Amino acid sequence: MANITKRGNGYNIRVSCGFDGNGKRIFKSMTYKPPANTPAKEVERLVNKTAIEFEERCLNGQVIDSGIRFRDFAEKWFKEYAEKQLRATSLSRYNELMKRIMPVFGNMKLKAIRPYQLTEFYNSLAEEGVRCDDKYVGRDTVVKLIKDTGMTQPQFAKAAGVGHSVVESALHGRNIASKSAQKISDYLGKPIDKLFKCTTEGKRLASRTIQYYQVILSSMFSTAVEWEFLSENPCERAKPPRIIYKESRYLDEDGAAAVMDALGQEPYRYAIAIYIMLYTGLRRGEVCGLEWSDIDFDKRIMSINRNSLYIPEKGTFTDSLKTYSSSRVINLSDDLIDILNDYRTWQEEQAEMLGDKWIGSERIVTRLDGSPICPDTLSGWFYKFIRKNRLPQISLHSLRHTHATLLIACGISLKTVSARLGHASVSTTSNIYVHAIQSANAAAADAINVALSPHKAAKRAKKLRINSSIA
């Protein structure tokens, strides 16, 4: 039965709704204020009627706790929505973002969070020195010490208490988390600053990272509206800082040729991935997920059907593609077909040579034993490859931009480029490759200038003047 308590001009109605998972009783309450100048007996009748109706709604699950705190709602959101609907990579990223969100909003009531508070939070993320997730890159010393242990990478990872991919990143000059760097340093018995260099100290968050905070908060508040915890989403009226997009890095024709020339001295199992990315514009995960059955050598086409991804919680795993439009079929050039044929022969020879040690998979890009490669391993190798050969400082993803930019420069339509890249719309492609489009437009102006040379234009103008005077 509902408990009714008079408070000032109103009445607090409180209903017991059972117990939570910890055995703590759950209460829901509301405040009722009867109309002014209502007779006492009528007030009593109205209050009792309201209490009965409120209790029925509570017991039927029709009343949601409007006083829920952000922390508790976030727990519900992750359990009932995020874990069931989001991709593993997105879920992993969102869990990381909550480490900065919770100290600010965790203890606030969900309904008390205002647009201006969200705006202040976004602005604080854009300040210098806000990064608290220091990243470290290994010095030459740590590479030598790890190799001197005589352990394999998996053995060292287990001994130091870190993941296999962390050791690979440390050996290949890629960023690792401060906790991982500290564990490796402790195991090797050296101070962290002697083995690693901090690469993020005093830096601000990247624009794209700030955008992720806006996305997760807006998604959470939108769900709160759908679940009737809130009547509106405060993120819709908050003002996030202006996102400054960096121009994508890419190679010109000479740069791409230099990369391919240098690949001749590299392990074939790595080089094949670079050839594929340059010739097709595939994403890293798409390349690592490619299987031989995805290629029709007779029709010279490639089907993109899956992603190969890595997150610390799951290791390397196969996932669906990034978006619906990412599933696509693209045509392959004669050169790439020849390269793939040659590589397939080489891979078959490797399998025969290794015998029982060849684990084998249908994957094209693999580890030494034929098992699926970790995407981070490929990125780590490429990082060292670029620096060793003194090539332009680009990332693995820059090869995708290179492919698109070269196509645009060749006069290929944006619609075709967009479909080849697996973009959801042509506008996505045009927004990313503004500079390439502008360069293509400039080239078009030069081309028309050659076609309509000055002397031809002068003759046409003279003819127009003559015709005009006759008329």
Check your understanding: Among (1) more than 30 Å from Glu226 (Cα to Cα); (2) in a strand (DSSP E or B); (3) hydroxyl-bearing (Ser, Thr, Tyr), where does Ser16 come up short?
Key -> (1)
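Sort out which residues of segment 311-347 are among the β-branched types (Val, Ile, Thr) and over 18 Å from the mean Cα position of the chain (by Cα), and write them in order of number. Before the answer, list the steps.
Pass one, segment 311-347, residues among the β-branched types (Val, Ile, Thr): 311, 316, 318, 323, 329-330, 337, 339, 345.
Selection gives Val329, Ile330, Ile337, Ile339, Thr345.
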Study note, to complete from the structure: Expected output for segment 414-441 (first residue without any contact (Cβ under 8 Å) to a residue 40 or more places away in the chain, partner crowded, with 21+ Cβ neighbours inside 10 Å and not in a helix (DSSP H, G or I), Cβ below 7 Å, 6+ apart or cross-chain) is Thr429/His423
Check your understanding: Any chance segment 89-96 includes a residue that's assigned to a helix (DSSP H, G or I), of a type in the set (S, T, N, Q) and more than 23 Å from Ile311 (Cβ to Cβ)?
Key -> no
Study note, to complete from the structure: Within segment 230-253, of all residues that are modelled with pLDDT under 85 and of a type in the set (Ser, Thr, Tyr), the one surrounded by the fewest Cβ atoms within 10 Å (Cβ to Cβ) is Ser231
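Go through segment 172-229 and give me each residue that's at positive phi and at pLDDT 85 or above. If you could, list the steps in order and put the result at the bottom.
Within segment 172-229, the subset at positive phi is 173, 189, 202, 228.
Of everything in segment 172-229, just one residue is at positive phi and at pLDDT 85 or above, namely Gly189.
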Point to revise | Which numbered condition Ile432 fails, given (1) touching a His at 6+ places or on another chain (Cβ under 9 Å); (2) modelled with pLDDT of 90 or more | key: (2)
Study note, to complete from the structure: Taking segment 378-407 and keeping only residues that are among the β-branched types (Val, Ile, Thr) and surrounded by 21 or more Cβ atoms within 10 Å (Cβ to Cβ), one is left with Thr402, Thr405
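The values are calculated or read from the model by the stated rules, or taken from the named source; none is laboratory data. Only a predicted model underlies this, so the values are computations on that prediction, with no experimental measurement involved. Reconstructed Cβ throughout: ideal geometry from the backbone, glycine too, with neighbour counts over all protein chains shown.
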